[in-house]
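The values are calculated or read from the model by the stated rules, or taken from the named source; none is laboratory data. From a predicted model like this one, the values you see are computed outputs, not experimental measurements. Note that we place each Cβ from the backbone using ideal geometry, even for glycine, and neighbour counts take in every protein chain shown.
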């Protein structure tokens, strides 16, 4: 946990690197003898985002969870510099020998071959077209996308192949690609979900430090809807005792911005997400900490997490039911209780593979 002598990293959601469950050696920082070294303090505060090449040979991940409405997902990046304190994807960095804490948001792996890998996968005769989620783990429009443009290139491949894509993001950078998304929308092969957790920018700044502001996300919804792109809002996650009371106003503003549908996900704290979130809670919400933790437990049978299918996304108990009812009442009031139209897989056309070699069969 963060100690009083540890310099805080500015602009980061996590201030700790919890031990990696797959690594036997644990390194613990000891800054006590450097507490008066201003140069060292300044250097520690400025934790830069580092980018590393990811030479993955495949690009689509497959899941069979009954809680998730898609089978395939595509993630151009591993790790995410948005730095959301609650991100359920944090433990994936442990498979790389890194930490789910500060490492996850400051060491981002870039799948530079993602567009080529997608093209070659879609070109296989074995591929039966169905919607692909972009992204299902880390945000495809995180700050790295400004530089590497992999998400845009993947969308270009999808447009060429008429491959249906569902985009989910909390970054207004998605509007950069409206030119492509609009063409895809004309073929009914794209939908976009914008995740918004709160309308309070002061909370966003500490909870999701490198995401777009709530105002920018609402503006993105408006621009996407104006362009004829099927757009929904996700309240993800709902954190009992912190932002659950914001649900009515979030749905109202999303409706006014042009969203056509809405959904929500209850906070999940699996594995090493838990210490990251609890450290954040103690550091940034000290007067609300006990109340929030108690309410989380009230939705998880007294625990902080529930990994069971069918309950992990919604929770159980009276408080979870109140959240569910509140969401559905206001989603219905603002016309957001309908699902987006299904994407059209019938227009799919197999693209030319990167080798340029066409199949004879």
Margin query: I'm trying to understand the selection: among the residues of segment 84-108, which are assigned to a loop (DSSP other than H, G, I, E, B) and either modelled with pLDDT under 95 or out of contact with any strand residue (DSSP E or B) (no Cβ under 7 Å at 6 or more places or on another chain) (or both)?
Written below: 84, 85, 87, 88, 89, 97, 99, 100, 101
Checklist line | Matching residues in segment 302-312 - criterion: being surrounded by fewer than 18 Cβ atoms within 10 Å (Cβ to Cβ) and farther than 18 Å from residue 278 by Cβ | finding: 308, 309, 310, 311
Margin query: Name the single residue that is surrounded by the most Cβ atoms within 10 Å (Cβ to Cβ) among those in segment 148-185 being in contact (Cβ under 8 Å) with a residue 60 or more places away in the chain and in a helix (DSSP H, G or I).
Written below: 151
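Do we find that residue 217 is surrounded by fewer than 20 Cβ atoms within 10 Å (Cβ to Cβ) and at pLDDT 95 or above in this structure?
Numbers: surrounded by fewer than 20 Cβ atoms within 10 Å (Cβ to Cβ): no; at pLDDT 95 or above: yes.
Here the answer is no, as residue 217 does not meet what is asked.
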Item checked: Conditions (1) under 30 Å from residue 180 (Cβ atoms); (2) surrounded by 17 or more Cβ atoms within 10 Å (Cβ to Cβ): number failed by residue 228 -> (2)
Notebook entry, point to check: Among the numbered criteria (1) without any contact (Cβ under 8 Å) to a residue 12 or more places away in the chain; (2) under 25 Å from residue 350 (Cα atoms), which single criterion is violated by residue 188?
Noted result: (1)
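In segment 65-74, how many are surrounded by fewer than 24 Cβ atoms within 10 Å (Cβ to Cβ), in contact with a strand residue (DSSP E or B) (Cβ under 7 Å, 6 or more places away or on another chain) and under 27 Å from residue 204 (Cα atoms)?
Of the residues in segment 65-74, the ones surrounded by fewer than 24 Cβ atoms within 10 Å (Cβ to Cβ) are 65-73.
Of the ones still in play, those that are also in contact with a strand residue (DSSP E or B) (Cβ under 7 Å, 6 or more places away or on another chain) are 70-73.
Filter once more, so that each one left must be under 27 Å from residue 204 (Cα atoms): 73.
Number of matching residues: 1.
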Next item on the list: Filter segment 100-122 down to residues that are more than 14 Å from residue 153 (Cβ to Cβ) and in contact with a helix residue (DSSP H, G or I) (Cβ under 8 Å, 6 or more places away or on another chain) and give me whichever is surrounded by the most Cβ atoms within 10 Å (Cβ to Cβ).
Entry: 104
Item checked: Unmet criterion (only one of (1) surrounded by fewer than 20 Cβ atoms within 10 Å (Cβ to Cβ); (2) in contact (Cβ under 8 Å) with a residue 24 or more places away in the chain) for residue 128 -> (2)
Next item on the list: Among residues belonging to segment 248-286 that are under 26 Å from residue 105 (Cβ atoms) and over 22 Å from the mean Cα position of the chain (by Cα), point out the one that is surrounded by the most Cβ atoms within 10 Å (Cβ to Cβ).
Entry: 285
